[in-house]
Amino acid sequence: MPDYFDFSVLCIINITSCKHTHHPIMDFVIIVSILFSYILIRATFFVFGVGRPKNLPPGPTLLPIIGNLHLLGDQPHQSLAKLAETHGPIMSLQLGQITTLVISSATAAKEVLQKQDLAFSTRHVPDALNACSHASHSVAWLPVCTEWRTLRRILNSNIFSNNSLEANECLRSKKVEELIAYCRKASVSNDYVDIGRAAFRTSLNLLSNTIFSKDVIDPYEDSGKEFKEVITSIMVEAGKPNLVDFFPVLKKIDPQGNRRRMSHYCGKVLKIFEELIKERLKMGRLKHDDLLDVCLNNIQDNPNENNHTHMEILFLDLFSAGTDTTSSTLEWAMAEVLHNPIVMKKAKEELEVIRGTGMSERNMKFKFSGGFETFVSWFLSFIETLWFLIFEVDLINWVFFCLLIR
């Protein structure tokens, strides 16, 4: 986008923000005139092809200003599939001001994701994720660089490695026992169990113990509603359609308020992390051998590469990916099982047999319900790889165990 496109919007911002004594109708006329001039200039450049990238793959005919946005409809995946039948497996779309390449064949996708993965690893960041400098420090959105490699090394060494997963097996068992105790308590008092909230609470405390060596909410009470709502709101705002993502020229005014709301929600969570970090620093040399200790030591050893902001954003990524996605998927999976009594009966029988053997988590081998678990695992990995970041949560066996035996 040429620089002169920003000038019109700057004029709008300056005019509307100035203190003046003109009649409101005059203000409206001025703003409409400037907007009309901007649209006219854009349409003129569109007709003559000024600023349009060259040598692009084939694609549908463009409309002025909006490009091909009107072709997406309310089912973009179906619309793209139909367009690919006409324009081929590699096509170009103009989504507002954003030129987009769509790859829809297995051969082309393999070329991009396997052979040219480094060239395509940097992704477009939604404007809402610029709130609180999130995208600038997030392992999910950083380009491949030294900072990204450092954060990935910390995660791989302390959370995702086989040694770390085995070391945390007792912790996972404890959290599932707490979940079972909560379900039993609800059963005695004839209360219903909100599966989504219960799974969220278990995942949240599992992560908080891995990172901070403490529970952040009471595992035996129906608590954590506010925290869950904040995390859910963050995920919703990150996925909302936003005009700024298609028209970056509007970034300065944030017309839909996505970035403003995201700043509010992220600020709440980051404040909690800040307090937990301060609490740990007050303890001095007392070590907990958790992720927080690792991050603090890394900051002390490499002050020029990492700081507390990196650490807080990393924790935000982990809590967002490891709680909301997990609880939502488990809630969806349980709903599907309840709609299929035969499937539920067979899975329940197998889980009861395994429970009676006292088999350890890593030795569990499912024949029937394992297929269902495999599908859920695939579903989770599909969602997570959209970020090019896989958060490996080895909790699915345990959650199905404690929920299906009810």
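Computed from the coordinates by the stated procedures, all read-outs in this text should not be read as laboratory data. Model, not experiment: these values are computed from the prediction. Here the Cβ is made from the backbone with ideal geometry for all residues, glycine too, and neighbour counts use every protein chain on show.
Full extension from THR61 to CYS170: what is 0.36 nm times the residue separation minus their Cα-Cα distance, to one decimal in nm? Intermediate values should be presented prior to the final figure.
On the way: separation 109, 0.36 × 109 = 39.24 nm, distance 5.90 nm.
Contour length minus the Cα-Cα distance gives 33.3 nm.
Between ASP194 and LYS214, what length in nm is gained on full extension when 0.36 nm per residue of separation is reduced by their alpha carbon distance? Intermediate values should be presented prior to the final figure.
On the way: separation 20, 0.36 × 20 = 7.20 nm, distance 2.34 nm.
That pair, ASP194 and LYS214, stretches by 4.9 nm at full extension.
Can you pull out the trypsin sites (Lys or Arg not before Pro) in region 96-201 that DSSP calls coil and that have at most 15 other Cβ atoms within 10 Å? Present the calculation step by step, with values, prior to reporting the outcome.
Numbers: sites: LYS110, LYS115, ARG123, ARG149, ARG152, ARG153, ARG172, LYS174, LYS175, ARG184, LYS185, ARG197, ARG201; in loops: ARG123.
Sites meeting the loop and neighbour criteria: ARG123.
Sorted from fewest to most neighbouring beta carbons within 10 Å, what does the list THR150, THR323, THR86 look like? Could the numbers behind the result be given before it?
Details: THR150 16, THR323 27, THR86 10.
By the 10 Å Cβ count, ascending: THR86, THR150, THR323.
In whole angstrom, note down how far apart the Cα centers of region 237-297 and region 70-112 are.
Measuring centre to centre over Cα atoms gives 33 Å.
In what sequence do TRP148, TRP332 fall when counting other Cβ within 10 Å, fewest first?
Numbers: TRP148 17, TRP332 14.
Final ranking by Cβ density, sparse to dense: TRP332, TRP148.
Would you mind classifying region 201-302 by shape? Square roots of the alpha carbon gyration tensor eigenvalues, ordered a ≥ b ≥ c; an a/c under 1.5 is rounded, otherwise it is prolate if a/b is larger than b/c and oblate if not.
oblate
At a Cα cut-off below 19 Å, give the lysines reachable from LYS225, other chains included and same-chain residues fewer than 8 away excluded.
Correct list for LYS225: LYS175, LYS185, LYS214, LYS268, LYS271.
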